[in-house]
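Here the structure comes first, spelled out in structure tokens, and everything after it is commentary.
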Amino acid sequence: MELWIDCLIVLLILTNLKLISSSRLSACIRVVAIQGVLLGLVPLLVGSGDLTFRVILLSIVTMVVKGIVFPWLLLKALRSANVRREMEPFVGYTTSLLVGVGLLALAIWMGRQLPLPAPSKSPLVVPLALFTIMIGLFAIVSRRKALTQVLGYLVMENGIYAFGLAFAHQEPLLVELGTLLDVFMAVFIMGITIFQINREFDHIDTDRLSLLKD
Amino acid sequence: MTGLTGSDVQGHLAVAVSPLRSVVLISGILLVLIALLAVMRSRLLAGRKVELSGTWDCGYARPTARMQYTASSFAQPLTNMFGVLLQTHRSLERPEGFFPTQAGLHTETGDIFRRNVYRPIFQSVERLLLWLHWLQQGRVQIYILYIAVTMLILLIWNL
Amino acid sequence: MNTTSWLNPLAALVLSPLLPGIINRTKAFFAGRRGQPLLQGYYDIAKLLHKGAVYSRTTSWIFRAGPVVGLAAVLMALVLLPLGGSAAPLNFTGDIILLAYLLGLMRFFTVIAALDTGSAFEGMGASREVQFSVLTEPALLLSLAAMGKAGQIGSGSRIEHLDNFLSLSGIYSNLSASVWMRNGTILLLVAGALLIVLLAESPRIPVDDPNTHLELTMIHEVMVLDHGGPDFAMILYGAALKLWVFSALLAGVLIPVRSAYWWLDAGAVIGGIFLLAVVIGVIESSMARLRLLRVPQLLTGAGVLSILAFALILWR
Amino acid sequence: MIWALISLPILAGVVAFFLRPAGPRRALLLLTALGHSGLTALAWVRRPAPAWEGWLLIDPLGLLFLSITSVLFLVVSIYALGYFHREDWGRREDFQEGFLFSNAREPTFTCCLLLFLGMMTLVTLSQHFGLLWVAVEATTLASAPLIYFHRHYRSLEATWKYIMICSVGIALALLGNFFLAVASTLGGEEHVPMLLSSLIGRAPSLHTQWLKAAFLFLLVGYGTKMGLAPLHTWLPDAHSESPSVISALLPGALLNCAFLAIPRVQQVTVAAGLGEFGRSLMLVFGLFSMVVAAAFIIRQLDFKRMLAYSSIEHMGILSLAVGLGANAGYGAVLHAVNHSLTKGMLFLVAGNILAVYRSKSTTDIRGISRILPISGALWVAGFFAITGSPPFGAFLSELVILKSALDQGRTVVAVIYLLALGIIFIGMATIMLRMVQGDPAGLPADHRDSVVTEGHRSNFSWLFGESALAVIPPMALGAAVLILGLYIPPALRQILEQAARAFGGV
């Protein structure tokens, strides 16, 4: 059982690193899709509670939404914006990889600060969640394309979700689904906005979206 | 709201109010007196001849409105008494030549507190605050960086 | 508010025009002339009350309101004035300031009435008057305060509820021979300051010559240049009352008679006032006017005297 | 009764989306607003029973914010009738750069507006932290299309920033929720529902380390949505680019709902004995927000952005008051009421000015009192109300806050507080008073005669050349603030005290 958990966590970490190092947007979307699917497995393997119907339903819904619906939506937005790759981002790909490793170290240090929640099976879950959140934030801050920012937001959401699924096992189902619905709505509206931005500016570089300032 | 009890508030108020009561009384009497004198005056003048003529000008041929005392001339004795403080700005245009056509004197006493105290303070505060404007540069990434940085600082400072 | 306290204002109303008469009479005596009759003041006022009036075209209602408000203000000041030991009809904590402001109100209305006529002379008189009053008012207030403090440190007050020194009646009721013994020097300084304030306020020789005919040299006279008829009568009567107020303040300090009978004290102070009129006459005939630039120095001198008195009494 | 309060706006929103003709849709909007306010008034009279086993409960704090939101929504919906009428829906010429753009279709706008109300009601009623999070996120998503009403690139940029920053912020709040859940499971043995009441009950046994981390994340999360200083960056853009109907609603209702979450968390931390930890953080955030607001109000060139920064300042005052605790709590709650009403009025009047002058620049607008006499008067009254000058309510609440700061001997806090208020007063005075006085410059020539001589007369009665619908709503709000300044009705005072007691305020 330990093997499966560790390899799942390592896979998740790898997807994060892959995200910040790849420049082609379609590749990034696929990475996030994989991460969504992996995330669906978290409650089954790492989850503290026993395998109730609730946990299984939740993981299936997560896998479907994060693995299929979001990528489909974002690919549609990508095609409409006909953008191929992230042009010159603020932080180069190699340096962002180094930053990724640094963030991993920071996440592990912070993970150790907080005492381990009792039921968790492996000590690496909290650092993993924190690491994914930090990678999400880093992606938003360091990339130009609006689409990458949405991906960053999604990755950050995945990190929080991983933490939620692993520990808050008593969270009522309705709230989990509510959260999922909200994230879905958020991504849906962001997709529409990207479509509008592309129609209005025929580019989706958010750094050029900086007219409103003091 | 002030937290004082009712009674000692009454006490403090009484001390302050009693002189005021007399002042109100006196100003009341003053107004009545003014009214009385005005009525007396108008009744006195009712029967008499009241004419209108020019102001006493000591026989000067053509007095003009410009000879009247203006605000600065009214205050001139005092402003030059405190001349050192007020730094009155004088611009004198001397009459030249034997048949001078043009001469003029212009004095301007600025408000010393506004010039030396308030304007410097306000300008320095404004420069300081305008320097803060780089906080709102307009790029989304910077804004989200602010959130991440505040989050990081709080965590490090408190954990 | 006993009946005796109403005596002071009545005495003032009746006797005040007599003061200019006495002053002119002493000046005439020094000049070797017979001088005007003592009651000349009453005759002038009566004559003026029966005359018509001529108003300048440039004046508005302010010009007509000036003398009326001025006289009313001085009449109100009389109500606050104690005479001898007895309290004034109306007294409360802080009526010194009200007295100063009532006199200020009179000065203000005279000044704006003068400015209303729009003539250069009256403007000049007004600005000089205001310049001098800036210097005399602090002297007046500080000397009253110093006198109050001097009286307070001495014996308990004869009129119980007036122990505080912020009320004119309280100040004057505290003054007595024993207070003179203890704080004589301070009271002398105060008397000097009050004398100069008196000479400046009811415009007498060192500051302003009342019967000069050169508009450029006048101060108080030029402000009332354009008034005629009943207005001028009110102004004359107001000036006389003002002279009475200041001489009562000064006489009250100089003659601290505190005998058992109230009428004796009051009589002494009224006698003091008349004596003071004679002294003013003597000063007028023995001195010439000060140069206009020297007058501020004289008035600042009065200010210094009162500050010195106040400082001495505080740091005893 | 609670279910009716929430479902009424949502159902109306869905119906409005499919209602093609404009007349009935606007009537529906007004009816829903009236119904919602009626239900809220009913809640004041008889507090309804909690629904959904305690998840939805009207507590004093919630009731207060619910009534502010519903009153503001009613006033704004009345104003919206005039606004929809004035706003011609076809191609519209932008006033700043003159390019053509079209407005969002009105059905979507009304639908989102009603959903927005529904979600805000949910926020004020929810006792469960998870549900609270879902509701706050939903308000963000409902209000995003509202900001993107004028479909041109500036409002698009404002919307993008609004969605991105708020979603990231609120995601952190979700993490805070999960930390709270972990804190409760670590401490005790059996499962603790994330209900406010149960959490307070078990507060002493919560794990302090996790609770602290949870408080931090929740504070930053909801602080972003509330507009506290370093996280406020989306607020000026969103307020200045959204239509005046929405910008009146945003600060009054939305910021208050975000602010509502913080006292809820504060209740838990105070119960767990970490009160001081939370308070010092709120104090720092409050002061920093006021200073930043002051910095941006000086020399501000756009009066809607100036009002947005003043919202940041007032949110700073609220968090400062929560940070002071003791009887500043009463001041905070009263200030929330005053601020929402005043800011709502100011934005509506700003809308009137914008509609006539077609320019947002503070430098070249002059003579409002001549062109729009009533709006000009309201603009000056609003200036005095928002800067906390005496006759209006804000003065009272700011005074209570100042007094409690001085009572606790925090002179440095009081000094910074007063300095910021002073600078903001001067900043706003130079801008707002200069706009009102002088002769009407900055008025587009073609527009000048049309307004002055009532060129286009609408069927609503005109008050001194201004449509009644555009003037009476702000006037009502202004009157309410004035009354609050002079007399607080006992019922309101009682609710205020109970609400203040909610977060440790005496």
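Measuring nothing but alpha carbons in chain C and taking Rh as the Kirkwood radius, the Rg to Rh ratio lands at 0.96.
Placing dummy labels 7 Å off each Cα toward the beta-carbon, the span from A:SER22 to B:VAL23 is 8.3 nm. 3J(HN,Hα) along the stretch C:233-242, derived from phi through the Karplus expression 6.51 cos²θ - 1.76 cosθ + 1.60 where θ = phi - 60°, amounts to 4, 4, 5, 4, 5, x, 4, 5, 4, 4 Hz, with x in place of Gly and Pro. For the stretch B:6-45, the C-alpha radius of gyration divided by 2.2 N^0.38 Å, with N the number of residues, is 1.95.
If the segment from B:PHE98 to B:TRP157 were pulled out straight at 0.36 nm per residue, it would be longer than the present Cα-Cα gap by 12.8 nm. Against the main long axis of the alpha-carbon atoms of chain C, helix C:120-153 sits at an angle near 10°.
Inter-part distance, the stretch B:19-69 to the stretch A:177-193, computed on C-alpha centroids, equals 82 Å. Oblate is the label for the stretch A:2-205. Its Cα gyration tensor axes, ordered a ≥ b ≥ c, give a/c of at least 1.5 and b/c at or above a/b. Once the chain from C:ALA28 to C:LEU10 is taken as fully extended at 0.36 nm per residue, the excess over their C-alpha distance is 3.6 nm. Applying the Karplus relation 6.51 cos²θ - 1.76 cosθ + 1.60 with θ = phi - 60° to the stretch C:196-211 yields 3J(HN,Hα) values of 5, 4, 4, 5, 7, 6, 9, x, 10, 3, x, 9, 8, 8, x, 10 Hz, where x marks Gly and Pro. Membrane-span-like helices in chain B, defined here as complete DSSP H runs extending at least 24 Å along the helix axis by their C-alpha atoms with mean Kyte-Doolittle hydropathy no lower than 0.0, are B:6-46, B:140-158; this is a sequence and geometry rule, not a statement about a membrane.
Peptides C:96-107, D:63-74, D:117-128, C:253-264 ranked from most to least packed by the mean count of surrounding Cβ atoms within 10 Å: D:117-128, D:63-74, C:96-107, C:253-264. Hydrodynamic analysis of the stretch D:274-506 uses the Kirkwood radius over alpha carbon pairs. Inserted into Stokes-Einstein at 4 °C and 1.567 mPa s, it gives a translational diffusion coefficient of 70 µm²/s.
Looking at the protein assembly as shown, what % of the alpha carbon pairs are farther apart than 48 Å? Taking all Cα-Cα pairs of the protein assembly as shown, the fraction more than 48 Å apart is 50 percent. Remark: spin-label model distance B:ARG62-D:LEU11 equals 9.2 nm, labels positioned 7 Å along the Cα→Cβ axis.
Arranged from fewest to most other beta-carbon atoms within 10 Å of their beta carbon, B:CYS58, D:CYS166 become B:CYS58, D:CYS166. Once you reduce the stretch D:148-170 and the stretch A:51-127 to the center of their Cα atoms, the two points are 24 Å from each other.
Taking label points 7 Å from Cα along the Cα-to-Cβ direction, A:GLU200 and D:LEU31 give a separation of 3.5 nm. As a proxy for reagent exposure, A:SER142, D:SER369, C:SER119 were ordered by neighbouring Cβ count within 10 angstrom, fewest first; the result is D:SER369, A:SER142, C:SER119.
Taking every residue in A:105-112 and counting other chain Cβ atoms within 10 Å of its Cβ, the average works out to 1.
Ordered from longest to shortest, the equivalent ellipsoid semi-axes for the stretch C:93-244 are 35, 16, 12 Å, each the square root of 5 times a Cα gyration tensor eigenvalue.
For chain C, the mean residue ellipticity at 222 nm estimated from helices alone is -23000 deg cm²/dmol, where every DSSP H run of n ≥ 4 contributes -39500 (n - 2.57) and the total is divided by all residues, rounded to the nearest 500.
Once you sort the root eigenvalues of the Cα gyration tensor of the stretch C:47-149 as a ≥ b ≥ c, which label holds: rounded (a/c under 1.5), prolate (a/b larger than b/c) or oblate (the other case)? Judged from the Cα gyration tensor, the stretch C:47-149 comes out oblate (a/c at least 1.5, b/c at or above a/b).
For chain D, the ratio of Cα radius of gyration to the globular rule of thumb 2.2 N^0.38 Å stands at 0.94. Within the protein assembly as shown, what percent of beta bridges assigned by DSSP are antiparallel, to the nearest 5? Roughly 80 percent of the beta bridges in the protein assembly as shown run antiparallel, per DSSP. Taking other Cβ atoms within 10 Å as a rough exposure proxy, A:HIS203, D:HIS232 sort from fewest to most as A:HIS203, D:HIS232. Taking θ as phi - 60° and the Karplus parameters 6.51, -1.76 and 1.60, the scalar couplings of the stretch D:35-45 work out to x, 4, 5, x, 4, 4, 4, 4, 4, 5, 5 Hz in sequence order, x denoting glycine and proline. Say the cut-off is 28 Å between C-alpha atoms; which of A:LYS18/D:LYS212; A:LYS18/A:LYS66; C:LYS149/D:LYS403 go over it? The pairs that break the limit, which is 28 Å between Cα atoms, are A:LYS18/D:LYS212; C:LYS149/D:LYS403. Protection proxy ranking of C:186-195, D:44-53, by the mean of other Cβ atoms within 10 Å over each peptide's residues and highest first, is C:186-195, D:44-53.
Treating r as the C-beta distance of B:LEU52 and C:TYR101 and R0 as 51 Å, the FRET efficiency rounds to 0.90.
Peptides D:145-158, D:480-493 ordered by packing proxy, namely the average of other Cβ atoms within 10 Å per residue, highest first: D:145-158, D:480-493.
Oblate is the label for the stretch B:114-158, because a/c, from the alpha-carbon gyration tensor with a ≥ b ≥ c as root eigenvalues, is 1.5 or above and a/b does not exceed b/c. For C:TYR55, the residues 5 or more places off, or on other chains, whose built amide H falls under 5 Å of its own are B:GLU51, B:LEU52, B:SER53. For chain B, the alpha-carbon coordinates run over 95, 74, 33 Å along the three principal axes, in decreasing order. For D:ASP302, the residues 5 or more places off, or on other chains, whose built amide H falls under 5 Å of its own are D:THR362.
The stretch D:241-313 and the stretch C:192-243 have Cα centres separated by 67 Å.
Every number in this text was worked out from the coordinates using simple rules, so none of it is lab data. Here the structure is a predicted model, which means the values were calculated and not measured. Here the Cβ is made from the backbone with ideal geometry for all residues, glycine too, and neighbour counts use every protein chain on show.
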